[in-house]
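The block underneath contains the structure these notes are about, expressed in structure tokens.
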Amino acid sequence: MKNIFKISTLFLFLLLLSSCSEDLVDKVQTATLKGIVIKKGTNQPIKNAKVFTTPSTQTVFTKEDGSFVIDNLPLGDYSVRAELTGYLTNFQGVSFKNNNQVVSVVFEMSDDDSLNSSPSVPVLLSPVDNAVDQPLAINLTWDCNDPDSLDVLKYKVVVKNDFDTTVIEVKDVVDKHYFLENLKFGVTYYWQVSVSDGINPEVNSPVFRFKTSTAPNNRYHYVKKSNGSYYIVSSNETNGNFQYTPFDKNSWRPRLNQNSRLVAFLRTVGGNAQIFTANPDGSNPFQVTAVPVAGFDNAEIDFSWSKNGKEFLYANFTKLYRINKDGSGLQLVYTTSDGSFISECDWSYDGSKIALKTNDANGYNVKIYIIDLLGNTVKTILENVPGAAGGLNFSVDGNLLLYTYDISGHQEDNYRQLNSHLFIYNVLTDDNFDLSVISDKPDGTNDLDPRFSPNDAEVIFVNTSNDGISVKNIVKINLQGNNRIDLFPDAEMPDWE
């Protein structure tokens, strides 16, 4: 009986114990943590990132899409940690309050810059250090490597020179080259390249230097247009040329003087045309005049050097002035008696006579004549004719005068010419010679802006369609009217000295 009681008591205890265990299991509550790990700034999924909690539960790794799941987390507060080599470790706090609660988190992981290596020192390739006789436009090239292949490298190019204080600094270059242009002749340039990966300090290359070629002895100068403004080009006969004046300085009518080794030209200053001089390479521009060059139209006006290169003749409406090349000694030489404008002048090589072209405010009622230095009329070549004329130029001996005249006699407000010919007037015999006729000028074109060659054997000039909008081309012919040869396309206002 006593044994039966003991067995019954033990059975009852085990039954109670089993019932209590089931109640404990039923009372344990859990939650789920879901999330994704991405790269900060790009939102790219990061795979194989290690994710775990504190207090510790379990450790998981992110999938290809950067996602992860941690199940059966007991309710409570946790610090969740995501880490991967190459990225800064990221922490987030989460709290689970309810049974079967699902919490979602997003980890944005940043690159661990402490593991990022600096780019290599840029190696300057071209031009090589101490290179000489370099062109005025040159491609600077270099090489550089980065151990961290995903970094975006940006370069800074700095160029200085021994001519002036100008510093060229170009930032955020992404290629390993930079095209440097508009350099000056005979100048030494110093260049350096810096590289940045956006993380580490800039890395600087050594400083290399190169020297540009000396200015060529070009005998041709002409004008081109860019965005409505003129700029001057210096060239040889094979069209080996360079830009003589900048685009932003409206400059035209170049005139080289071999004795002074200067090129003179007109330039707009404050709305007025002024005479400037500059070296053969375009350096040291100097404004000669204070009283401007003025007449019927800036594109039609001209001026003249003295043969010795010491003085200029130029006009301001009805007045003809003489001035030294340094801007001193302004003198009034001549004034028209009828109030007509002096648009062009040319000074004979011996300095004894001056050719003038005058016209009214519309460019017509033209007169071409020659005066002496006292203002007396020596010869009258053209007057009392309708139409446009111009292009005055004496031969070396002063016995021939080159000019143009529109034989159609056409006149209209926009100064359009229909059939302009080249003429050579013989001062000794008073003969006029039509060079355009014997050289077979194409129909529907104009021959304009003529100049004798330095030996007087040829003439350089502009030929263009008479529609007033077509391209102008610079051409040359000999005095027999043979061999029209195209020299420079899309160019005007030639000079050949």
Verdict on residue 285 being surrounded by fewer than 20 Cβ atoms within 10 Å (Cβ to Cβ), within 24 Å of the chain's Cα centre (by Cα) and not polar (S, T, N, Q): yes
Close pairs from the stretch 293-313: first in contact (Cβ under 8 Å) with a residue 40 or more places away in the chain, partner surrounded by 23 or more Cβ atoms within 10 Å (Cβ to Cβ) and of a type in the set (Lys, Arg), Cβ under 8 Å, at least 6 apart: 301/253; 302/253; 303/253
Residue, modelled with the highest pLDDT, within the stretch 483-497, restricted to residues that are in a loop (DSSP other than H, G, I, E, B) and surrounded by 15 or more Cβ atoms within 10 Å (Cβ to Cβ): 491
Tally, over the stretch 28-54, of residues that are surrounded by fewer than 17 Cβ atoms within 10 Å (Cβ to Cβ), over 14 Å from residue 91 (Cα atoms) and more than 60 Å from the chain's Cα centre (by Cα): 4
Test: residue in the stretch 12-23 that is at pLDDT 55 or above, surrounded by 10 or more Cβ atoms within 10 Å (Cβ to Cβ) and either β-branched (Val, Ile, Thr) or in a helix (DSSP H, G or I) (or both): no
Pair list, Cβ < 6 Å and 6+ apart or interchain, from the stretch 41-63 residues that are aliphatic (A, V, I, L, M) to residues that are not in a strand (DSSP E or B): 46/66; 49/62; 49/84
Filter result (modelled with pLDDT of 95 or more, within 20 Å of residue 225 (Cβ to Cβ) and not polar (S, T, N, Q)) within the stretch 451-482: 451, 460, 461, 462, 467, 471, 472, 474, 475
One residue from 481, 398 being closer than 27 Å to residue 369 by Cβ, free of Cβ contacts under 8 Å to residues at least 60 places away in the same chain, touching a helix residue (DSSP H, G or I) at 6+ places or on another chain (Cβ under 6 Å) and not acidic (Asp, Glu): 481
Pair list, Cβ < 8 Å and 6+ apart or interchain, from the stretch 416-443 residues that are farther than 25 Å from residue 370 by Cα and assigned by TED's automatic domain parsing to the domain that holds residue 370 to residues that are modelled with pLDDT of 95 or more and part of a loop (DSSP other than H, G, I, E, B): 416/410; 416/466; 418/408; 418/410; 418/466
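The values are calculated or read from the model by the stated rules, or taken from the named source; none is laboratory data. Not measured: the values here are computed from a predicted model. Neighbour counts are summed over all protein chains in view; Cβ atoms, including those assigned to glycine, are modelled from backbone coordinates with ideal geometry.
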